[in-house]
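Structure first, then comments.
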Amino acid sequence: KAGVTQTPRYLIKTRGQQVTLSCSPISGHRSVSWYQQTPGQGLQFLFEYFSETQRNKGNFPGRFSGRQFSNSRSEMNVSTLELGDSALYLCASSSGTAKGNTIYFGEGSWLTVV
Amino acid sequence: AQKVTQAQTEISVVEKEDVTLDCVYETRDTTYYLFWYKQPPSGELVFLIRRNSFDEQNEISGRYSWNFQKSTSSFNFTITASQVVDSAVYFCALSEADNQGGKLIFGQGTELSVKP
């Protein structure tokens, strides 16, 4: 069974640009969540999508947005990039249908903003 | 407030030593779930274990074992006879009762270095 797949793995962007990251969850999983990992702030929850609807949201500015498609694949977008957005962005999937589901993560997308 | 604390930022051991990674959590919920993940340099968070708050039995999986104590709000992880391949950052995480999705509260992680 394929795991969580994220693309691209590495990217470099310039301040002010926007970026879109993609995530394909484990087959059959309907919940996709996104996390930002930085050395200073650690792992922080961005948002979660379930059946194409945002079900949960962390404390990030509106520049961070996401969506989920009917096949459960998800994208997240960051607009007007800032240097502080440089981070590892991790996608996670779970069935999303029961409390305390096991949550599986992808390898992440390493974003550098210059 | 919900919080996970991993007080040990870095641990360094010599191969074959036993090592325990500490995790202390705070939650007002009576039902919750605890997780441990391993993050090698590649970046992926590898799932190790999930435990619900009603199951206080300790668990052993090969060289790995977990000690869950509700009385002290701790969920510690022990690696027996450590190996170089165990070198990674380890995260403890909390999922609360109403969470059916992917929202986890993570600790700051413990970087384990196992030297040959």
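The values are calculated or read from the model by the stated rules, or taken from the named source; none is laboratory data. All values reported here derive from a predicted model rather than from experimental measurement. Here Cβ is always computed from backbone atoms with ideal geometry, including for glycine, and neighbour counts include all displayed protein chains.
Okay, here's what the table says:
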| quantity | calculated |
| --- | --- |
| Subset of the range B:75-116 [more than 12 Å from chain A (Cβ to nearest Cβ), of a type in the set (A, V, I, L, M) and under 12 Å from B:K38 (Cβ atoms)] | B:I79, B:V85, B:A88, B:L112 |
| Unique match (being within 22 Å of B:L45 (Cα to Cα), among the small types (G, A, S) and free of Cβ contacts under 8 Å to residues at least 24 places away in the same chain) among A:G40, A:G66, A:G96, A:G62 | A:G40 |
| For A:V78: the one exception among (1) crowded, with 16+ Cβ neighbours inside 10 Å; (2) among the aliphatic types (A, V, I, L, M); (3) under 28 Å from B:S53 (Cβ atoms) | (3) |
| B:L48, sole failed condition from (1) at the interface with chain A (Cβ under 9 Å from one of its Cβ atoms); (2) closer than 29 Å to A:W110 by Cα; (3) modelled with pLDDT of 90 or more | (1) |
| Matching option when the condition is loosely packed, with under 15 Cβ neighbours inside 10 Å, at pLDDT 95 or above and at the interface with another protein chain (Cβ under 9 Å from one of its Cβ atoms), among A:R15, A:R63, A:R9 | A:R9 |
| Filtered residue count, the range A:39-58, keeping only those that are farther than 24 Å from A:G84 by Cα, more than 9 Å from every other protein chain (Cβ to nearest Cβ) and surrounded by 13 or more Cβ atoms within 10 Å (Cβ to Cβ) | 2 |
| The lone exception for B:S71 - which of (1) within 26 Å of A:Q41 (Cβ to Cβ); (2) small (G, A, S); (3) free of Cβ contacts under 8 Å to residues at least 12 places away in the same chain; (4) away from chain A (no Cβ under 11 Å) it fails | (1) |
| Scope the range A:20-38; condition assigned to a strand (DSSP E or B) and either among the basic types (K, R) or buried (at least 18 other Cβ atoms within 10 Å of the Cβ) (or both); matching residues | A:L21, A:C23, A:S24, A:S31, A:V32, A:S33, A:W34, A:Y35, A:Q36, A:Q37 |
| Residue selected from the range A:99-114 under the condition surrounded by 20 or more Cβ atoms within 10 Å (Cβ to Cβ) and among the polar types (S, T, N, Q), by the criterion farthest from B:S42 (Cα to Cα) | A:N101 |
